[in-house]
Each structure stands twice: as structure tokens, then as C-alpha cells.
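The values are calculated or read from the model by the stated rules, or taken from the named source; none is laboratory data. Just so you know, these numbers come straight off a predicted model, no measurement behind them. Every residue, glycine among them, receives a Cβ derived from its backbone with ideal geometry; neighbour counts consider all protein chains shown. Surface accessibility is based on the protein's heavy atoms, side chains included, excluding ligands, DNA and RNA. Shrake-Rupley method; radii C 1.70, N 1.55, O 1.52, S 1.80 Å.
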Amino acid sequence: MNNMNQMMKQVKKMQEQMLKAQEALADKKVEGSSGGGVVIAEVNGHKKLLSITIKPEAVDPDDVEMLQDLVMTAVNDALTKADDIANSDMSKFTGGMKIPGLF
């Protein structure tokens, strides 16, 4: 019975640490870019888009599709990086296992 109580305390401690780590992801920021840096998207570890920077040379009124592609590529690059930091941070608790709904 004592082992069970000790194990439950360890599980509770790990859950608290995981919650803190998930909350800390909101403060982590990553950038994705495209077109050699003419479009930059910044997201946090919770995959919230924080900003988009578009340099004037990326804007061509005759080629709006190119700008749309650059923005989409930059945002997707940033989101991939956000996934990477979330997976890296949470794998400390999961031992690399993918637990659905955890992150």
C-alpha cells in the first residue's frame, strides 16, 4: 500500500511538471520564413500566430499569388518549429512516446 501511495505522489508531481511545461510553451517563440526572409511568421509554442512581417520587396501587385504562397510557407514553417519545441519539451515526460491529446 505504501508503494501505491508513493507512486501516486510521483504521478501527481509529474502531472504538475507537465502542466507547467505546457504553460511555458506560450512564452516560447519561433520564427518561420520564406523567400529568403522576405516573409517572416512568428508563433508561440501553443501554435498561436503572433506576427507576420512582409518586406516591401515581397509585394508585387501583379503577382498576389506569390505573396500568398510566401505567407503560407512562412506560417507552416513556424508551425512546424512550434511542434518541434513542444515535442521536445514534452518528450522529457513521456520518454518519446506519442500520447494522443497530450500535446
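Side notes on the structure shown:
- Every pair of residues 6+ apart whose Cβ atoms lie under 7 Å, when the first sits in region 12-40 and is under 21 Å from residue 76 (Cα atoms) while the second is open to solvent by 20 Å² or more (accessible area, probe 1.4 Å) and of a type in the set (Ser, Thr, Tyr): 34/73; 39/33; 40/33; 40/53
- Members of region 1-50 that are closer than 15 Å to residue 83 by Cα, of a type in the set (A, V, I, L, M, F, W, C) and open to solvent by less than 80 Å² (accessible area, probe 1.4 Å): 21, 24, 25, 26, 30, 41, 43
- Within region 73-86, residues that are within 11 Å of residue 41 (Cα to Cα) and modelled with pLDDT of 95 or more reach partners that are polar (S, T, N, Q) and crowded, with 19+ Cβ neighbours inside 10 Å with beta carbons closer than 6 Å, at six or more positions or on different chains, in the pairs 73/34; 74/34.
Okay, residues lined up against (1) in contact with a Lys or Arg (Cβ under 8 Å, 6 or more places away or on another chain); (2) among the small types (Gly, Ala, Ser); (3) in a loop (DSSP other than H, G, I, E, B):
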site	(1), (2), (3)
14	no, no, no
23	no, no, no
31	yes, no, no
36	no, yes, yes
62	no, no, yes
65	no, no, no
